[in-house]
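What follows is one structure encoded as structure tokens, with my remarks underneath.
Derivation of every value follows stated rules applied to the coordinates shown; laboratory data play no part. In this text the structure is predicted, and so the values were computed from the model without any measurement. Virtual Cβ from ideal backbone geometry, glycine too; neighbours counted across all protein chains shown.
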There are 2 protein chains.
Amino acid sequence: MKFTIHRDHFVQSVQHVSKAISLRTTIPVLTGIKILATSEGVTLTGSDSDISIEAFIPKDEDDQQLVEIVEEGSIVLQARFFADIVKKLPEETIEVIVTDNLTTTLKSGSSEFNLNGLDPEEYPRLPDIEEENIFKLPTDLLKNIIRQTVFAVSTVETRPILTGVNWMIEDSTLTCTATDSHRLAMRHAKVETNSGELSFSNVVIPGKSLNELNKILDDTNQWIEIIVTDNQILFKGKNILFFSRLLDGNYPATKNMIPNHSKTSVTLDTKKLTQAIERALLLSRDGKNNVVNLKTMADGNIEITSVTPEVGKVTEDIDCINYSGEELRISFNGKNIIDALKVIDSTEVQIDFTGAMSPFVMKPLEHEYMLHLFSPVRTY
Amino acid sequence: MKFTIHRDHFVQSVQHVSKAISLRTTIPVLTGIKILATSEGVTLTGSDSDISIEAFIPKDEDDQQLVEIVEEGSIVLQARFFADIVKKLPEETIEVIVTDNLTTTLKSGSSEFNLNGLDPEEYPRLPDIEEENIFKLPTDLLKNIIRQTVFAVSTVETRPILTGVNWMIEDSTLTCTATDSHRLAMRHAKVETNSGELSFSNVVIPGKSLNELNKILDDTNQWIEIIVTDNQILFKGKNILFFSRLLDGNYPATKNMIPNHSKTSVTLDTKKLTQAIERALLLSRDGKNNVVNLKTMADGNIEITSVTPEVGKVTEDIDCINYSGEELRISFNGKNIIDALKVIDSTEVQIDFTGAMSPFVMKPLEHEYMLHLFSPVRTY
């Protein structure tokens, strides 16, 4: 194998596929990046067997030559060193040469690395996915959907299915749901399907996969194609393939958990609410549960308080933009509310309470496609 | 005590004095910030008994009222919460009120914190320093001197005296020296003294103190006054006092360690040398000692190499701007060289070797006030 490649493109692709690589894998060849040079260009692959990422650097792009192939071939190089090395090479192009004994030489200007390669024959094949049921959506929308749900997944392995985000499609509407059983985030979005009848309901994507995917996607409006099979999901962007294993098991039915009535309803300024709860958390984070108390006031406003006996007490008054319904005193995990407020993308939010001991719903006022559900905390 | 204070000035002063506070202190009152309100303004103090910082917020500055004192007094408030609270308060001014039982109320807009205070009578007094021998230098020069020496102090406590930087003054020249016994950094600077006869030689300032001092100094050309006593040093800036304990013991005589002749001398481009060693370190950092090898070449250039058998080898050629003297092969800790190159502030550097087993000197070519010394590493 022998080729010359444009450094910046090589660096970016190496960084993308490195996201899939774990140094704690039990399969030695998976600590490496597979490099395949063909007459079309150079393909890089990284995988931890849960996530696999393939990045392609074409020979030419926008009338610029990115790769010059002298001899086709393939090699696997240890990822830990490779990403740093490529980034620090001095010149605009890098020459890559593999000799018979897998030793690989990288040359750039007055710098030369000789690296011990691994046998590319040992590298596992990527999943073979039939492209039957495809749907697509713009990259920036996909990034938002991920950001607005994945934070709510469970981080403990007691119920593994909750470490993933549930995706379902019905009538060309994608619904994404994440919950750790104390809070739930739900997001709807219209998608384009290649057949109007595409529908599925129990697709659960590991939160870790979605976080890694979000890191390598650019904030553009280019389409991403998505293909779901029994145990895999594939995201296809420009010159990049992202495969993730799906989680086994049945995702809990969350639809019935969401109350459809309200006893107390308040509309609040998102920024004021965020800042008041953040200040309340300054004292309660040091206790155990980030517990914050909310109380409706006679003047139609609300009061947020938090107490840590050794330190002190904080009291915050917030004006309600709208207020209706019964008086209420309720306590909740303030950090969960802040997490949701950060992704809600609306200057005003509406909170619908159904009593001090029942879950409550927070929604943006400016759009309909998102909902957050929270369990209260018992404080007595 | 009761006063109203301009929030941004309060925040900055709280952040400054917090730098001195350690949460692991055995003296409970030192986990707090002391606040003293007098008719002149508000004084904040933080201390871990090694370092003490005092920040003063005057009543007025530049025709702007910063503090309105209603009732003089003092209190100590837990630093851990206080800095965050003050930073997050919503309005431009903060009202601070202490009631009889040490409870302190902070009010700002619709936000109110009630904090349990500590008794200010228990707070230790700051060292009483006689201002006899004063010297001064501009703040930005002081910051540079610290940056260019403190990185070389020892981080292990086997020889405590080496965890500090040695300061000495002779003929109005300050010489600062730091060494961890493998490398040494030395910096000279002219200072102004209030008496031409001011001289001292065994003042050793803890590296930690200098690092904290550097964080709170602005990059201005305002004068800093410095006063040295037997066991304390005091830095006096505008509205800020920084006290540090000095280290006990005799600093080693470093002057004789520096060779004054050279067998091989090379002049190199700082950036090219830095990048070549950084690339060489990519492979050797994973071994133990960051060992990098340097070899003079027949063509008058030098070659930098590094080998890690499991991973591979890197070879870097660097053009010499000047080369004179004997052939040489030498190995050294590349990370130590990088640390020095980062502070050397010169586009070209000269390295004077005195043989493969002897210490060598690296100097900036553009100025005379700095010198770095390194021990070679035996590789056989």
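Here are a few things to note about the model shown:
- Vicinal HN-Hα couplings computed from phi for the stretch A:24-36 (Karplus, 6.51 cos²θ - 1.76 cosθ + 1.60; Hz; Gly/Pro x): 9, 5, 8, 9, x, 5, 6, 6, x, 9, 8, 10, 10
- Cβ-vector label at 7 Å, A:SER201, separations to other copies in nm: 8.8
- Using θ = phi - 60° and Karplus 6.51 cos²θ - 1.76 cosθ + 1.60, couplings along the stretch A:170-175 (whole Hz; Gly, Pro as x): 8, 6, 6, 10, 8, 10
- For the stretch B:289-298, putting each phi into the Karplus relation 6.51 cos²θ - 1.76 cosθ + 1.60 with θ = phi - 60° gives couplings of 9, 6, 6, 10, 10, 10, 9, 7, 10, 4 Hz, in residue order, rounded to whole numbers and with x for Gly and Pro.
- Rotation relating A and B, chain B residue nearest the axis via C-beta, angstrom: B:LYS215, 16
- Across the stretch A:31-83, the convex hull enclosing all Cα atoms gives 91 Å³ per residue.
- Per DSSP, loop GluC sites (Glu not before Pro) in the stretch A:125-170 with at most 13 further Cβ within 10 Å: A:GLU130, A:GLU131, A:GLU132, A:GLU157
- Modelled label reach - B:ASP319, point 7 Å along Cα→Cβ, the stretch A:96-135 residues with backbone N closer than 15 Å: A:109-111
- Overall, chain A carries a charge dipole of about 1660 debye about its Cα centre when +1 sits on the Cβ of Lys and Arg and -1 on the Cβ of Asp and Glu, all other atoms neutral.
- A simple spin-label model places the labels of B:ILE27 and A:LEU23 4.2 nm from each other, with each point 7 Å out along Cα-to-Cβ.
- Spacing of the two label points (7 Å from each Cα toward its C-beta) at B:ILE258 and B:ARG7, in nm: 5.1
- For the stretch B:258-374, a crude dipole built from +1 on the beta carbon of Lys and Arg and -1 on the beta carbon of Asp and Glu, taken about the Cα centre, is about 400 debye to the nearest 20.
- Net dipole in debye of the protein assembly as shown [+1 Lys, Arg Cβ; -1 Asp, Glu Cβ; about Cα centre; nearest 20]: 1760
- Over chain A, equivalent-ellipsoid semi-axes from the Cα gyration tensor in Å: 48, 23, 18
- In this structure the amide hydrogen of A:GLU61, modeled in the peptide plane, comes within under 5 Å of the amide hydrogens of A:LEU66, none closer than 5 places in sequence on its chain.
- Other protein chain Cβ atoms within 10 Å, averaged over every residue that makes up A:89-96: 1
- What the Cβ-Cβ distance of B:MET297 and B:LYS271 gives, at R0 = 22 Å and to the nearest 0.05, is a FRET efficiency of 0.65.
- Subset of A:LYS272/B:LYS87; A:LYS190/A:LYS335; B:LYS271/B:LYS335; A:LYS295/B:LYS2; A:LYS208/A:LYS295; A:LYS87/B:LYS363 violating a 25 Å alpha-carbon distance limit: A:LYS190/A:LYS335; A:LYS295/B:LYS2; A:LYS208/A:LYS295; A:LYS87/B:LYS363
- Within 10 Å of each Cβ in A:261-267, the average number of Cβ atoms from other chains: 0
- Average 1/r across all pairs of distinct alpha carbons in the protein assembly as shown, invert it, and you get the Kirkwood radius: 31.2 Å.
- Where the Cα pairs of the stretch B:2-122 fall when distances are cut into 5 Å bins, in %: 2, 12, 23, 27, 22, 10, 4, 1, 0
- Counting, for every residue in A:310-319, the Cβ atoms of other protein chains within 10 Å of its Cβ and taking the mean gives 6.
- The residue among B:SER324, B:LEU373, B:LEU282 whose Cα reaches farthest toward the positive pole of the charge dipole of the stretch B:258-374, with charges on the beta-carbon of Lys, Arg, Asp and Glu, is B:LEU282.
- Radius of gyration and maximum dimension Dmax of the stretch B:101-247, Cα, Å: 18.6, 59
- For a label point 7 Å along the Cα-to-beta-carbon line of B:GLU71, residues of the stretch B:114-151 with backbone N under 20 Å: B:114-122
- Under a 5 Å amide H cut-off, with hydrogens placed 1.01 Å from N, B:THR220 pairs with B:ASP140 among residues at least 5 apart or on other chains.
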